[in-house]
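The values are calculated or read from the model by the stated rules, or taken from the named source; none is laboratory data. None of these values were measured; they are calculated from a predicted model. In this analysis, Cβ positions are derived from the backbone assuming ideal geometry, glycine residues included, and neighbour counts consider all displayed protein chains. Each accessible area value is taken on the protein alone, full model and side chains, heavy atoms only, with ligands, DNA and RNA left out. Shrake-Rupley method; radii C 1.70, N 1.55, O 1.52, S 1.80 Å.
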Amino acid sequence: MKDHYEVLVIGGGPAGLAAAAEASRVGLEVALVDEQKAPGGQIYRNVSEAKNDAVNYLGRDYFRGQKLVSEFLNSGATFINDASVWYLDERLATGLLIDGSSRFISADRLILATGARERPMPLPGWQLPGVMAAGAGQILLKSAGMVPDGRLVLAGSGPLLLLLAWQYLQAGVKIEALVDTTPDSRLFEAISSLPRALPAVDYLLKGLTFMRAIRKARIPVYKNVYGLRAEGRESLESVCFNLTRSRAGNRIKVQIEADTLMLHQGVISNIRLPLASGCKPVWDALQQNWKVGTNKWGQTSVKQVMAAGDCAGIVGARAAELQGRLCALQLGYELRSIGPGQRDILARQLNRSLNRHLSIRPFIDKLYAPGRAYQLPDDETLVCRCEEVNAGEVRQAARMGCVGPNQVKAFTRCGMGPCQGCLCGSTVAALVADETGTTMEQVGYFRVRPPFKPITLGELSNS
Ligand SMILES: Cc1cc2nc3c(=O)[nH]c(=O)nc-3n(C[C@H](O)[C@H](O)[C@H](O)COP(=O)(O)OP(=O)(O)OC[C@H]3O[C@@H](n4cnc5c(N)ncnc54)[C@H](O)[C@@H]3O)c2cc1C
């Protein structure tokens with residue numbers, strides 16, 4: 001590992017791996033840093049270590065990552081693994097936490113491929129032991145082959161929930177119930193985007209395969225659910241929710257005994273490092289998501305910084321990979337390792353493929369738009385779990401005159417804990433916007449400040 005590289009890629013998911021491999025191919029000196037031990041990001045987590053029989057429960061899409069990982073590992077790019085980026089500034093000074101020590105490196109250009117994280121789903125009881133994010137369940141499955149014991153309920157909305165249900169079924173896990181919070185009306189809203197999605201019909205077929213498997217396994221599926229909550233004294237004991245049986249509004253209360261509840265309502269861009277490097281965020285109203293603004297080459301508002309993949313808007317793994325390659329080609333052109341003609345020829349095919357993969361997005365984004373109830377929880381629901389601030393306190397701060405998350409933070413401490421607002425940021429902004437009658441775009445986002453990952457004073461001084 002050197003102190004300076006021509007190109008530094010942050011994030012070893014599909015976008016970062018493809019960007020690093022492609023940038024190396026066009027002759028640039030590249031390093032890629034990721035906090036995971038092995039390359040792969042979220043979707044291809046641990047794929048280089050996965051046993052062959054894991055294809056039976058993780059699926060072929062997961063194993064597709066092996067090709068990309070080996071392309072990256074053979075590309076000549078340096079892989080700085082197990083390294084968290086805890087500091088980044090507008091001069092592109094990058095602080096890494098490696099093996100208990102802090103170390104700074106720099107680069108002429110940065111490609112940010114920091115991906116996405118799950119959108120928080122605050123509901124009564126979500127802090128009880130036994131309640132966790134569906135993505136966390138999947139991380140345990142991919143990295144350690146671990147599955148939940150006891151009575152499992154999956155709840156929420158979005159493709160990842162269906163995928164996890166399918167993966168658990170293939171792994172022999174018993175699922176007590178799938179509780180779908182997607183309102184029935186969403187399908188009608190999304191249907192107009194279906195014709196545009198036809199070039200990506202394989203995504204639709206995949207979704208149908210998951211649903212068929214769930215039906216075949218006779219898992220009770222509750223649809224159009226509202227009022228979801230987790231109940232228990234010391235830990236989760238049951239999952240409760242309401243169903244509307246008819247248009248007349250007859251309400252049915254359901255209670256399912258459970259040991260584990262996994263929640264999911266889509267993913268949002270991980271933009272803290274992009275913001276730290278000075279990139280302008282853009283509000284995507286359809287995805288209800290702050291993302292890094294980029295052009296078709298992945299250039300951001302900062303000349304030396306490019307962004308690809310889910311941090312620049314939720315696009316999915318295949319599109320993320322293609323965006324990573326486009327970034328690298330543009331960098332090759334800017335740093336004079338390839339000419340404009342070669343860049344454009346190589347980019348043409350990538351763009352064709354990218355358009356196909358992106359064509360599914362409006363349908364998915366409309367169908368699985370986040371539920372209002374889980375963006376605007378009841379007053380008693382905990383919003384900031386680090387500092388134990390509930391939705392009522394956030395609303396009260398907004399009524400007192402706080403116009404955005406940063407003022408709410410000063411008055412209530414929400415967002416000041418170890419996760420630095422990762423888990424509460426989007427909910428706090430939604431609550432303030434709702435209470436003050438403004439928009440998410442107007443209220444903005446928590447200001448970002450290092451450390452972006454927890455680092456002890458000992459580690460900091462251990463440089
Ligand atoms: C929990 C989770 C599970 C998912 N599982 C699937 C799945 O099974 N199938 C599927 O189709 N899609 C899945 N997705 C969506 C999928 O991850 C994305 O569509 C796709 O992988 C995006 O690729 P990317 O390269 O943009 O980012 P990612 O794959 O998310 O990669 C980003 C990388 O950046 C690294 N990183 C971020 N911040 C730092 C930092 N400060 N320091 C060091 N490294 C950092 C992360 O460790 C990560 O490896 C999942 C998303 C999440 C959040």
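When segment 73-84 is filtered for residues that are hydroxyl-bearing (Ser, Thr, Tyr) and either open to solvent by less than 20 Å² (accessible area, probe 1.4 Å) or within 14 Å of the ligand (Cβ to nearest atom) (or both), only Ser84 remains.
Can you find a residue that is closer than 21 Å to Leu326 by Cβ and in contact (Cβ under 8 Å) with a residue 60 or more places away in the chain anywhere in segment 44-52?
Of all residues in segment 44-52, those closer than 21 Å to Leu326 by Cβ come to 44.
Next, from what is left, pick out any that are in contact (Cβ under 8 Å) with a residue 60 or more places away in the chain: 44.
Yes, segment 44-52 contains at least one residue that is closer than 21 Å to Leu326 by Cβ and in contact (Cβ under 8 Å) with a residue 60 or more places away in the chain.
Test of understanding: among Glu441, Glu459, Glu388, which residue is among the charged types (D, E, K, R) and under 27 Å from Lys280 (Cα atoms)? Give the steps one after another, and end with the answer.
Details: Glu459 fails: under 27 Å from Lys280 (Cα atoms); Glu388 fails: under 27 Å from Lys280 (Cα atoms).
None of the others qualify; the one that does is Glu441.
Close contacts from segment 132-157, counting a first residue that is without any contact (Cβ under 8 Å) to a residue 12 or more places away in the chain and open to solvent by 60 Å² or more (accessible area, probe 1.4 Å) and a second that is more than 9 Å from the ligand (Cβ to nearest atom) and part of a helix (DSSP H, G or I), with Cβ to Cβ under 8 Å and a gap of 6+ residues or different chains, come to Met146/Leu140.
Being aliphatic (A, V, I, L, M), in contact (Cβ under 8 Å) with a residue 12 or more places away in the chain and within 11 Å of the ligand (Cβ to nearest atom) is a property that does not hold for Ala347.
Return yes or no: is Tyr87 hydroxyl-bearing (Ser, Thr, Tyr), over 30 Å from Tyr368 (Cβ atoms) and within 14 Å of the ligand (Cβ to nearest atom)? Even if it seems obvious, please write down each step before you answer.
Working: hydroxyl-bearing (Ser, Thr, Tyr): yes; over 30 Å from Tyr368 (Cβ atoms): yes; within 14 Å of the ligand (Cβ to nearest atom): yes.
Yes: the conditions hold for Tyr87.
I'd like the residue in segment 351-376 that is touching a Pro at 6+ places or on another chain (Cβ under 9 Å) and aromatic (Phe, Trp, Tyr) and, out of all such residues, is modelled with the lowest pLDDT. Here the residue is Tyr374.
Take Arg251 and tell me if it is surrounded by 17 or more Cβ atoms within 10 Å (Cβ to Cβ) and of a type in the set (D, E, K, R). It would help to see each step written out before you state the result.
On the way: surrounded by 17 or more Cβ atoms within 10 Å (Cβ to Cβ): no; of a type in the set (D, E, K, R): yes.
Judged against the criteria, Arg251 is not a match.
Only residues that are within 15 Å of the ligand (Cβ to nearest atom) and open to solvent by 20 Å² or more (accessible area, probe 1.4 Å) were counted across segment 301-320, and they come to 4.
Against the list (1) in contact with a helix residue (DSSP H, G or I) (Cβ under 6 Å, 6 or more places away or on another chain); (2) without any contact (Cβ under 8 Å) to a residue 40 or more places away in the chain, the condition Met306 fails is (2).
Looking at Tyr57, Tyr5, Tyr87, just one residue is over 30 Å from Gln170 (Cα atoms) and open to solvent by 10 Å² or more (accessible area, probe 1.4 Å), and that residue is Tyr87. Do we find that Pro370 is open to solvent by less than 10 Å² (accessible area, probe 1.4 Å), within 25 Å of Thr181 (Cα to Cα) and not in a helix (DSSP H, G or I) in this structure? Spelling it out, it is not the case that Pro370 is open to solvent by less than 10 Å² (accessible area, probe 1.4 Å), within 25 Å of Thr181 (Cα to Cα) and not in a helix (DSSP H, G or I).
Evaluate segment 101-119: report whether one residue or more is more than 30 Å from Leu28 (Cβ to Cβ) and out of contact with any His (no Cβ under 9 Å at 6 or more places or on another chain). Lay out the reasoning, then the answer.
Residues of segment 101-119 that are more than 30 Å from Leu28 (Cβ to Cβ), as a first pass: 118-119.
This time we only want the ones that are out of contact with any His (no Cβ under 9 Å at 6 or more places or on another chain), so: none.
Looking through segment 101-119, none of the residues is more than 30 Å from Leu28 (Cβ to Cβ) and out of contact with any His (no Cβ under 9 Å at 6 or more places or on another chain).
Restricting attention to segment 24-54, the residues that are touching a strand residue (DSSP E or B) at 6+ places or on another chain (Cβ under 7 Å) and open to solvent by 70 Å² or more (accessible area, probe 1.4 Å) add up to 1.
For segment 105-198, which strands (runs of 3 or more DSSP E) that fit wholly inside it have 2 or more residues that are touching a Cys at 6+ places or on another chain (Cβ under 9 Å)? Spell out how you get there, then give the answer.
Working: elements: 116-118, 131-133, 152-157, 177-180.
Once the strands (runs of 3 or more DSSP E) in segment 105-198 are filtered for at least 2 residues that are touching a Cys at 6+ places or on another chain (Cβ under 9 Å), what remains is 116-118.
Of the residues Leu346, Leu329, the single one that is hydrophobic (A, V, I, L, M, F, W, C), more than 22 Å from Arg272 (Cβ to Cβ) and touching a Lys or Arg at 6+ places or on another chain (Cβ under 7 Å) is Leu329. Out of all the residues in segment 80-96, is one or more modelled with pLDDT of 95 or more, within 23 Å of Ala319 (Cβ to Cβ) and among the aliphatic types (A, V, I, L, M)? No, segment 80-96 has no match at all. Of all residues in segment 35-52, those satisfying the criterion of being small (Gly, Ala, Ser) and near the ligand (Cβ under 10 Å from one of its atoms) are Ala38, Gly40, Gly41.
Conditions tested, residue by residue: (1) away from the ligand (no atom under 16 Å from the Cβ); (2) buried (at least 17 other Cβ atoms within 10 Å of the Cβ); (3) in a loop (DSSP other than H, G, I, E, B).
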{"site": "Val403", "(1), (2), (3)": "yes, no, yes"}
{"site": "Val408", "(1), (2), (3)": "yes, yes, no"}
{"site": "Cys422", "(1), (2), (3)": "no, yes, yes"}
{"site": "Ser426", "(1), (2), (3)": "no, yes, no"}
{"site": "Gln442", "(1), (2), (3)": "yes, no, no"}
{"site": "Pro451", "(1), (2), (3)": "no, yes, yes"}
{"site": "Glu459", "(1), (2), (3)": "no, yes, no"}
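Hey, among Leu68, Leu32, which residue is part of a strand (DSSP E or B), within 24 Å of Ala312 (Cβ to Cβ) and within 12 Å of the ligand (Cβ to nearest atom)? Can you show your working first?
On the way: Leu68 fails: part of a strand (DSSP E or B).
When all the criteria are applied, what remains is Leu32.
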